[in-house]
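Scroll down for the structure; my scribbles are underneath it.
Derivation of every value follows stated rules applied to the coordinates shown; laboratory data play no part. Model, not experiment: these values are computed from the prediction. Quick reminder, even Gly has a Cβ in these numbers, built from the backbone with ideal geometry, and neighbours come from all protein chains shown.
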Amino acid sequence: MNISELIRTIPDYPKPGIMFRDITTLLSHPEGFGHTIQLLVDRYKHQKIDFIAGIEAVSYTHLTLPTIC
């Protein structure tokens with residue numbers, strides 16, 4: 001599955017020259033979102049990770065990831 005095909009690109013937003021990547025289209029695709037989460041789990045499952053910190057704008061990660069992992 002090509003995840004990048006599930007992410008909408010909005011050219012010139014918020015200003016000319018910027019390609020905004022909107023992940024809401026990925027989040028609304030259950031198979032694509034599940035596949036994305038599984039890729040992350042597979043990549044890091046053997047690592048000793050105590051915390052995950054990130055910058056995000058709409059709380060997608062902390063509302064969805066704990067329920068999947």
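Summing +1 for each Lys or Arg and -1 for each Asp or Glu among the other residues whose beta-carbon sits under 15 angstrom from that of Gln38 gives 0. Karplus-derived 3J(HN,Hα) values for the stretch 6-20, using 6.51 cos²θ - 1.76 cosθ + 1.60 with θ = phi - 60°, are 9, 9, 6, 10, 10, x, 6, 10, x, 8, x, x, 9, 9, 7 Hz; glycine and proline are entered as x.
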